[in-house]
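Below is one structure, written out as structure tokens; comments come after it.
The values are calculated or read from the model by the stated rules, or taken from the named source; none is laboratory data. All figures in this text were calculated on a predicted structure; none of them were measured in a lab. Cβ atoms come from the backbone with ideal geometry, glycine included; neighbour counts cover every protein chain shown. With ligands, DNA and RNA removed, areas are computed over all heavy atoms of the protein, side chains included. Shrake-Rupley method; radii C 1.70, N 1.55, O 1.52, S 1.80 Å.
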Amino acid sequence: MLAVEVTRDQTCSIVQIDGEVDLYSSPELRTKLMELTGAKEKAIIVDLLNVKYMDSSGVATLVEALQQVGKYKGRLMLANLRDAVKDVFELSRLDKVFDIYSDVKAAKKEL
């Protein structure tokens with residue numbers, strides 16, 4: 001079961017994900033991210049603290065969101081990657097493509 005919650009403040013939207021992001025749950029995450037990118041949200045921080053597992057469909061969803069924010073010069077930042085999720089990004093070399101931060105507070109400092 002996946003839970004995706006979006007909170008907003010004056011500087012950004014924070015997408016908190018709880019659960020596993022896989023082929024079955026990634027469409028729910030995609031819907032939320034596309035709503036934010038469709039509204040041209042200037043900065044989106046995806047908090048992955050409670051994500052223990054992410055497969056290639058979850059990664060593809062984040063890549064799509066990154067492409068969308070790039071179209072309007074927004075920012076998509078990832079925070080709180082657990083080791084298993086961080087390994088997926090490092091193995092695919094996407095850790096060089098995404099802005100990855102130790103936590104949400106560190107990401108917000110960059111805004």
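For the structure I just gave you, tell me whether ARG75 is more than 20 Å from SER13 (Cα to Cα), open to solvent by 60 Å² or more (accessible area, probe 1.4 Å) and either of a type outside the set (A, V, I, L, M, F, W, C) or under 14 Å from the mean Cα position of the chain (by Cα) (or both). Answer is no for this residue. Just one residue in the set THR7, THR31 is part of a strand (DSSP E or B) and without any contact (Cβ under 8 Å) to a residue 12 or more places away in the chain; that residue is THR7.
The single residue among ASP47, ASP55 that is closer than 17 Å to ARG82 by Cβ and open to solvent by 20 Å² or more (accessible area, probe 1.4 Å) turns out to be ASP55.
With respect to the conditions (1) surrounded by fewer than 22 Cβ atoms within 10 Å (Cβ to Cβ); (2) touching a residue at least 24 places away in the same chain (Cβ under 8 Å), LEU62 falls short on a single one, namely (1). The single condition among (1) open to solvent by 50 Å² or more (accessible area, probe 1.4 Å); (2) over 18 Å from LEU29 (Cα atoms); (3) touching a helix residue (DSSP H, G or I) at 6+ places or on another chain (Cβ under 8 Å); (4) not aliphatic (A, V, I, L, M) that TYR101 does not satisfy is (1).
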